[in-house]
Amino acid sequence: MSIARAGFFLRQRRKADGLCGVIGATVATNLFQGGSPLGNKVKIAERAYEVVGILEKQGSFMDGGSVDNQAIIPLPQFVTFFWSDPIT
């Protein structure tokens, strides 16, 4: 998996609210229609995450899945918000 575009990920930004992530190419295209998503926010399960990177377009896998349609957040954020407090 390669990053197509990314902003600076500073320690200060992580400490500010810590909610950030990387989005797939299709997500970027669909939500931002040609504009740069970097620095903007996307809502994932009622939380706003700052976009700090866009994954390079990968296309579909044999099972039809694709990282182009995904958002990836740091593991500590996932564990805090989704693993220990799953959405029902």
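The values are calculated or read from the model by the stated rules, or taken from the named source; none is laboratory data. Bear in mind that the values here come from a model prediction, so they are computed numbers and not experimental data. We place every Cβ from the backbone using ideal geometry, glycine too, and count neighbours over all the protein chains shown.
Below is a table of values for the structure above.
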{"read-out": "Members of region 56-80 that are of a type in the set (Asp, Glu) and either within 11 Å of the chain's Cα centre (by Cα) or in a helix (DSSP H, G or I) (or both)", "value": "Asp68"}
{"read-out": "Residues satisfying the stated conditions in region 1-55, i.e. part of a helix (DSSP H, G or I) and at pLDDT 90 or above", "value": "Ala25, Thr26, Val27, Ala28, Thr29, Asn30, Leu31, Phe32"}
{"read-out": "Selection count, region 59-69, where residues are surrounded by 17 or more Cβ atoms within 10 Å (Cβ to Cβ) and not β-branched (Val, Ile, Thr)", "value": "1"}
